[in-house]
Amino acid sequence: MKGTLYVIATPIGNLDDISLRAVKILSESDIIAAEDTRTTKKILNKYGIEKKMISYNDNNEISKTEMLIESLELGNTVALVSDAGTPCISDPGYRVVKKAQELSIVVKSVPGPSSVVAALSISGLPSNRFFFEGFLPKKKGRKKRIEYLKEIDETVIIFESPYRVNKTLLDIYNII
C-alpha cells in the first residue's frame, strides 16, 4: 500500500500559529521534507517532535523528488513543509505533488497560516477579488510583468524579499 504525502502549512512568524492537526501529522510522519531543516527544527523542538528530516528546497527539489516518491511508494508517510506558510505557494513542492498525483499517491493538505490572506485581511484594500502574482522576475521580463499587472482591475499581491522591497517599489512607481 502506498503512503500519503501531506502538504503542511507552518507558522509565518509565531510558532503558536501551527494547527493541532499539523503537529499531529508531523509527529506521525516517517519523513519530513523541509525547505530549511534549521527552521523546521525550531517547530519540531517546540512541540517535542523527533523525526527524520531531509532538505527539500529550490536547489535540490528535482533530485529529492524521486527519493520522496520512492519512500511514498514503499508506504511511508511524508510531510512537506516550507519555511513559513504553505508549501508550493512561491515555495518548493509542486514537483513532488505532481509526481505523486501522477502515480495515484494520496496527497492531502493540512491548511494553516497564509501570508497572502493575512496581509490582504489587514490591508484595507478590496478583498472580494484579488490577483496573486508571487515573486516578480528579478531581471528579464520584470518591466513587462509590471506593465501587465498595471492592467489588472483588482487588488494585486506581490511577494518580495525584504532586501529588494525598495527597488521593487521604485520599479513599480517608475513603470506605473
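Could you please state, rounded to a whole Å, how far the C-alpha centre of segment 7-21 is from the C-alpha centre of segment 67-85?
Computed from Cα coordinates, the inter-centre distance equals 17 Å.
In whole Hz, with x marking every Gly and Pro, tabulate ³J(HN,Hα) for segment 7-18 from phi via Karplus 6.51 cos²θ - 1.76 cosθ + 1.60, θ = phi - 60°.
For segment 7-18, the Karplus curve yields 9, 10, 6, 10, x, 8, x, 9, 4, 6, 7, 7 Hz.
Name the long-range amide H neighbours of Ile54: under 5 Å, sequence gap of 5 or more, or other chain; modelled H, no Pro or chain starts.
Correct list: Ile32, Ala33, Ala34.
Sum up the charges of everything whose Cβ sits under 14 Å from the Cβ of Val107, counting Lys and Arg as +1 and Asp and Glu as -1, but leave Val107 out. If you can, show how the numbers build up before the last one.
Numbers: positive: Lys2, Arg95, Lys98, Lys99, Lys108; negative: Glu73, Glu102.
Within the 14 Å Cβ shell, the charges total +3.
Once the other residues with Cβ under 14 Å from the Cβ of Glu73 are scored (Lys, Arg +1; Asp, Glu -1), what is the net sum?
My count for the surroundings of Glu73 gives -2.
Counting only heavy atoms of protein chains, what accessible area per residue, in Å², does segment 1-149 have with a probe of 1.4 Å?
57 Å²
For the chain, calculate the relative contact order in percent as a whole number, restricting contacts to Cα pairs under 8 Å that are 6 or more residues apart.
Answer for the chain is 27 percent.
For a Förster distance of 45 Å, can you work out the FRET efficiency between the beta-carbons of Ile176 and Asn60, rounded to the nearest 0.05?
0.75
The values are calculated or read from the model by the stated rules, or taken from the named source; none is laboratory data. Small disclaimer: the values here were computed from a predicted structure and weren't measured. Because the Cβ atoms are built from the backbone with ideal geometry, glycine has one as well, and the counts that use them run over all protein chains shown. Ligands, DNA and RNA are stripped out before the accessible areas are found, and what is left, the full protein with its side chains, is counted by its heavy atoms. Shrake-Rupley method; radii C 1.70, N 1.55, O 1.52, S 1.80 Å.
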